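Right, one structure below, let's go through it.
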Amino acid sequence: MNSLLNQQESNYEIILVDDGSKDKSAEILDGYEEQNDFVQVIHKSNGGIGSTILPALERARGEYIVFVDSDDYVCKDMFSVLTETVRKYNSPDIIQFGLKMVDESNCIVREERHGEYQLTIRDEIISDHFENHPTPSLACRVFKKKLFNSAVYLMQNVGIDEILIVQLLLKASSLVSIDDVLYCVFLRKDSISRSACSKKKIEEYNNVYDFLFRISSDNVQLLSYIEIKYLKLIINIFLGLESHDSDLLRKYKELYCKVKSTQEYKKESLSFKVGTKLFYYFPNIYKKIKLL
């Protein structure tokens with residue numbers, strides 16, 4: 001909150017969503033609202049990350065929407081840089097920017113930045129996302145509010161960014177990438193996105209990809225990208241399981257046979273292609289190698 005309140009830009013609003021907190025969060029948020037006339041607080045019963053976005057969007061009055069996760073923080077010039085980018089590129093639908101990841105010791109684990117350019121062809125916007133900016137996070141991008149019209153949400157914690165980013169990219173007619181690192185992701189070991197794969201979490205992932213497969217069924221290029229992401233997800237889930245999951249392996253084998261001949265798969269790195277082939281034939285050996 002300090003990073004949001006201390007922005008160099010003054011023309012913005014902050015909407016805070018209390019998703020049924022059981023500690024002192026609600027009281028803290030109300031304090032921010034009382035002290036700042038551009039801060040609004042929404043209190044609701046717990047419904048997961050997917051249920052928090054819609055009420056916030058309904059309250060939002062601005063043309064652009066920025067998401068900030070509660071663990072993270074942003075650079076003090078973030079909004080001024082984004083405002084200037086909007087002017088420079090004549091109000092693009094989406095702006096994406098660099099981010100850094102910091103661990104609990106305040107050490108930079110990784111930094112991502114991709115240069116400055118503009119895209120105005122939808123197929124190029126889609127391919128740029130999956131090939132150059134594959135993170136589905138909403139938090140390292142800014143979106144025109146109108147892109148959220150008619151968007152579909154899942155009322156769960158897992159995969160909300162993934163189902164939304166695809167819908168937003170499909171509606172966007174212009175995207176700008178800037179090289180500035182404006183967002184800082186705090187890597188907390190027990191966060192929802194980095195918690196172990198429980199049965200419920202696997203079910204929620206399946207909900208996400210069932211939805212993504214449906215909305216991309218008539219777009220061959222997009223469907224291939226999503227199927228490749230699902231291959232990666234299945235491998236990661238399998239590595240986190242203590243017992244054998246035959247249904248998961250069956251899904252993988254069916255999907256691998258379908259995807260391996262696509263142009264999108266051929267663009268992947270050699271190490272990825274070798275790894276997916278090894279996992280197809282010898283999943284347990286792959287797991288042992290990864291865990292060494």
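Specify the residue that is modelled with the highest pLDDT; the eligible residues are those in segment 13-24 that are outside any strand (DSSP E or B) and within 26 Å of ILE163 (Cβ to Cβ).
Of all residues in segment 13-24, those outside any strand (DSSP E or B) come to 13, 20-24.
Now drop any that are not within 26 Å of ILE163 (Cβ to Cβ), which leaves 13, 20-21.
Numbers: GLU13: 97, GLY20: 91, SER21: 91.
Ranking the qualifying residues of segment 13-24, first place goes to GLU13.
State all residues of segment 38-54 that are open to solvent by 30 Å² or more (accessible area, probe 1.4 Å) and farther than 23 Å from SER137 by Cβ; if no residue qualifies, say none.
Of segment 38-54, the ones open to solvent by 30 Å² or more (accessible area, probe 1.4 Å) are 38, 40, 43-46, 49, 54.
If the condition is that a residue be open to solvent by 30 Å² or more (accessible area, probe 1.4 Å) and farther than 23 Å from SER137 by Cβ, then PHE38, GLN40, HIS43, SER45 are the ones that fit.
Check whether at least one residue in segment 66-81 is under 23 Å from GLY159 (Cβ atoms), open to solvent by 70 Å² or more (accessible area, probe 1.4 Å) and either among the charged types (D, E, K, R) or over 21 Å from the mean Cα position of the chain (by Cα) (or both), and report yes or no. Quick ask: steps written out before the conclusion?
The initial filter retains those residues of segment 66-81 that are under 23 Å from GLY159 (Cβ atoms), namely 66-72.
Subset that is open to solvent by 70 Å² or more (accessible area, probe 1.4 Å): 69-70.
Subsequent filtering for residues that are either among the charged types (D, E, K, R) or over 21 Å from the mean Cα position of the chain (by Cα) (or both) retains 69.
The answer is yes; a qualifying residue exists.
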message = So ARG188 ticks every box in (1) surrounded by 13 or more Cβ atoms within 10 Å (Cβ to Cβ); (2) within 21 Å of ASP161 (Cα to Cα); (3) at pLDDT below 95; (4) in contact with a helix residue (DSSP H, G or I) (Cβ under 7 Å, 6 or more places away or on another chain) but one. Which box is left unticked?
response = (4)
ask   = Looking at this structure, is TYR183 of a type in the set (Phe, Trp, Tyr) and open to solvent by 30 Å² or more (accessible area, probe 1.4 Å)?
value = no
ask   = Scanning for something open to solvent by 30 Å² or more (accessible area, probe 1.4 Å), closer than 30 Å to TYR205 by Cα and either of a type outside the set (Asp, Glu) or modelled with pLDDT under 95 (or both), does segment 83-94 turn up at least one residue?
value = no
ask   = Is it the case that segment 37-49 has a residue that's under 19 Å from the mean Cα position of the chain (by Cα), outside any loop (DSSP other than H, G, I, E, B) and in contact (Cβ under 8 Å) with a residue 12 or more places away in the chain?
value = no
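Looking at the structure I just gave you, is GLU264 assigned to a helix (DSSP H, G or I), under 21 Å from ILE226 (Cα atoms) and without any contact (Cβ under 8 Å) to a residue 12 or more places away in the chain?
Numbers: assigned to a helix (DSSP H, G or I): yes; under 21 Å from ILE226 (Cα atoms): yes; without any contact (Cβ under 8 Å) to a residue 12 or more places away in the chain: no.
Against the criterion (assigned to a helix (DSSP H, G or I), under 21 Å from ILE226 (Cα atoms) and without any contact (Cβ under 8 Å) to a residue 12 or more places away in the chain), GLU264 does not qualify.
Look at LYS290 and say whether it is surrounded by 13 or more Cβ atoms within 10 Å (Cβ to Cβ), in contact (Cβ under 8 Å) with a residue 24 or more places away in the chain and out of contact with any Pro (no Cβ under 7 Å at 6 or more places or on another chain).
When the stated conditions are applied, LYS290 passes them.
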ask   = Which residues, taken from segment 239-259, are among the hydroxyl-bearing types (Ser, Thr, Tyr) and either open to solvent by less than 10 Å² (accessible area, probe 1.4 Å) or not in a helix (DSSP H, G or I) (or both)?
value = SER243, TYR252
ask   = Of all residues in segment 207-238, which are out of contact with any helix residue (DSSP H, G or I) (no Cβ under 9 Å at 6 or more places or on another chain) and either of a type in the set (Asp, Glu) or open to solvent by less than 50 Å² (accessible area, probe 1.4 Å) (or both)?
value = ASP210, ASP218
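Going by the structure shown, is GLY31 open to solvent by less than 30 Å² (accessible area, probe 1.4 Å), at pLDDT 95 or above and of a type outside the set (D, E, K, R)? Can you show your working first?
Numbers: open to solvent by less than 30 Å² (accessible area, probe 1.4 Å): yes; at pLDDT 95 or above: yes; of a type outside the set (D, E, K, R): yes.
Yes; evaluated as a whole, the condition is true for this residue.
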task = Please go through segment 97-122 and pick out each residue that is open to solvent by less than 30 Å² (accessible area, probe 1.4 Å) and either β-branched (Val, Ile, Thr) or more than 16 Å from ASP69 (Cβ to Cβ) (or both).
result = GLY98, VAL102, GLY115, LEU119
LEU175, sole failed condition from (1) open to solvent by less than 40 Å² (accessible area, probe 1.4 Å); (2) under 26 Å from THR276 (Cβ atoms); (3) modelled with pLDDT of 95 or more = (2)
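The values are calculated or read from the model by the stated rules, or taken from the named source; none is laboratory data. The structure displayed is predicted, hence computed values, not measured ones. Methodologically, a virtual Cβ is constructed for each residue, glycine included, from the backbone with ideal geometry; neighbour enumeration extends over all protein chains shown. Please note that ligands, DNA and RNA were not included when accessible areas were found on the heavy atoms of the full protein model with its side chains. Shrake-Rupley method; radii C 1.70, N 1.55, O 1.52, S 1.80 Å.
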